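One structure is given here, and the rest of the page talks about it.
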């Protein structure tokens, strides 16, 4: 067997509690559930990967499709793994496969970097930046709490702020006003709607939000409505960012062809891996569109992957989304520590993260819980669009 062939794969479902409930338009989360993968090469190198895990289909696809396919490949065959998964029938259902594929693909890159003795950013063109700015993520609907959180982030040295809206018309405007008052007129403020607006509401709300100078409004319309986003870009001056619309490489290509976004949020978990994210960023770079990274509660492995991506992708010039301040734990021996709203890029081989098996065991669970909906409102569910 080739020394880089994959000999074994194990996976762990973990749930890390949130310090306080994470509130957004699609429900409430009291923790984040992540799927971890540990692989071992024929040469005995261990590679770790991580993915967001919100739905029961993700572990099933990993167990029954991605892991068996990966055992036929080497860790230097990330592109082949992704295309093999699509060829196994998931070209019909890309969005059902991407999160499972990412966990294994990330572990492959981690092992390859360790085999080469190089941090991952050096395998993707080298370091473009050493320090990565983070966005302060405001994830509450209570105005008093949002204001207090914004002040705390300011004191910690954050310079870019991201606010979840998409609750109702008046709350959207009031929360935006409060945050702008707290952070002042100069700091970038992002607004994330999560597809809650109808086209008519979007036009009205963007007009009402203009005085608060958002640097962009993210996913104002339902994720499939590229034509609607094109019209919003042409009819008003606030930049439009797309996230849920931009999962796969082909999604990004369609956005660029349509002219549907001023900013694109990428996510390796939603793209099918780190290499797919590098390629998607290049598509955006070719037409001058800046990119950043979406956050879904990354633990240390995914956080490190984000930093390597941001270090090596020139047009990832915007602060990346981040939920580190909301997490009540992690699975690394040396968790990341935010310094004045930024993180240093790891310089050890691979991802540069030492996983603590005791912490993995501490947080391991057998089922996914609390990803969507709101336990305080039985029978309630979100609509897309909602108003």
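The values are calculated or read from the model by the stated rules, or taken from the named source; none is laboratory data. Keep in mind that this is a model prediction, so the values were computed, not measured. Cβ atoms come from the backbone with ideal geometry, glycine included; neighbour counts cover every protein chain shown.
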>> As an exercise: evaluate residue 377 against (1) out of contact with any strand residue (DSSP E or B) (no Cβ under 6 Å at 6 or more places or on another chain); (2) outside any loop (DSSP other than H, G, I, E, B) and give the number of the one condition it does not meet.
In response: (2)
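Across region 315-330, which residue is surrounded by the most Cβ atoms within 10 Å (Cβ to Cβ) among those that are out of contact with any strand residue (DSSP E or B) (no Cβ under 6 Å at 6 or more places or on another chain) and in a loop (DSSP other than H, G, I, E, B)?
Within region 315-330, the subset out of contact with any strand residue (DSSP E or B) (no Cβ under 6 Å at 6 or more places or on another chain) is 317, 324-325, 330.
Now restrict to residues that are in a loop (DSSP other than H, G, I, E, B): 317, 330.
Numbers: 317: 13, 330: 22.
Ranking the qualifying residues of region 315-330, first place goes to 330.
Matching residues to (1) crowded, with 16+ Cβ neighbours inside 10 Å; (2) in contact (Cβ under 8 Å) with a residue 12 or more places away in the chain; (3) over 14 Å from residue 165 (Cα atoms); (4) within 24 Å of the chain's Cα centre (by Cα):
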{"site": "197", "(1), (2), (3), (4)": "yes, yes, no, yes"}
{"site": "200", "(1), (2), (3), (4)": "no, no, yes, no"}
{"site": "204", "(1), (2), (3), (4)": "no, yes, yes, no"}
{"site": "208", "(1), (2), (3), (4)": "no, yes, no, no"}
{"site": "211", "(1), (2), (3), (4)": "no, no, yes, no"}
{"site": "218", "(1), (2), (3), (4)": "yes, yes, no, yes"}
{"site": "229", "(1), (2), (3), (4)": "yes, yes, yes, yes"}
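Would you mind stating whether residue 278 is assigned to a loop (DSSP other than H, G, I, E, B), out of contact with any strand residue (DSSP E or B) (no Cβ under 9 Å at 6 or more places or on another chain) and modelled with pLDDT of 95 or more? Show your work before the answer.
Working: assigned to a loop (DSSP other than H, G, I, E, B): no; out of contact with any strand residue (DSSP E or B) (no Cβ under 9 Å at 6 or more places or on another chain): yes; modelled with pLDDT of 95 or more: yes.
The answer is no for residue 278.
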>> Given the criterion over 25 Å from residue 45 (Cα atoms) and touching a strand residue (DSSP E or B) at 6+ places or on another chain (Cβ under 6 Å), identify the matching residue among 371, 342.
In response: 342
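Within region 1-11, can you find the residues that are surrounded by fewer than 20 Cβ atoms within 10 Å (Cβ to Cβ) and in contact with a strand residue (DSSP E or B) (Cβ under 6 Å, 6 or more places away or on another chain)? Working first, answer last.
The first filter runs over region 1-11 and keeps only residues surrounded by fewer than 20 Cβ atoms within 10 Å (Cβ to Cβ), leaving 1-5, 7-8, 10.
Across region 1-11, the qualifying residues are 2, 4, 5, 7, 8, 10.
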> Given the conditions (1) in a loop (DSSP other than H, G, I, E, B); (2) more than 27 Å from residue 151 (Cβ to Cβ); (3) modelled with pLDDT of 95 or more, which single one is not true for residue 308?
Replying inline: (1)
>> For region 177-188, which positions are under 25 Å from the mean Cα position of the chain (by Cα) and either within 18 Å of residue 144 (Cα to Cα) or surrounded by 24 or more Cβ atoms within 10 Å (Cβ to Cβ) (or both)?
In response: 179, 180, 183
>> Please determine whether any residue of region 353-367 is surrounded by 13 or more Cβ atoms within 10 Å (Cβ to Cβ) and free of Cβ contacts under 8 Å to residues at least 60 places away in the same chain.
In response: yes
> What's the number of the condition residue 35 fails, among (1) out of contact with any helix residue (DSSP H, G or I) (no Cβ under 7 Å at 6 or more places or on another chain); (2) under 16 Å from residue 273 (Cβ atoms)?
Replying inline: (1)
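Looking at the structure I just gave you, is residue 283 crowded, with 19+ Cβ neighbours inside 10 Å and either out of contact with any strand residue (DSSP E or B) (no Cβ under 7 Å at 6 or more places or on another chain) or in a helix (DSSP H, G or I) (or both)? First the steps, then the outcome.
Details: crowded, with 19+ Cβ neighbours inside 10 Å: no; either out of contact with any strand residue (DSSP E or B) (no Cβ under 7 Å at 6 or more places or on another chain) or in a helix (DSSP H, G or I) (or both): yes.
Answer is no for this residue.
For residues in region 166-176 being assigned to a helix (DSSP H, G or I) and out of contact with any strand residue (DSSP E or B) (no Cβ under 7 Å at 6 or more places or on another chain), which is surrounded by the most Cβ atoms within 10 Å (Cβ to Cβ)?
Taking region 166-176 as the starting set, the residues that turn out to be assigned to a helix (DSSP H, G or I) are 169-176.
Keeping just the survivors that are out of contact with any strand residue (DSSP E or B) (no Cβ under 7 Å at 6 or more places or on another chain) gives 169-174.
Details: 169: 14, 170: 9, 171: 14, 172: 25, 173: 16, 174: 15.
The selected residue is 172.
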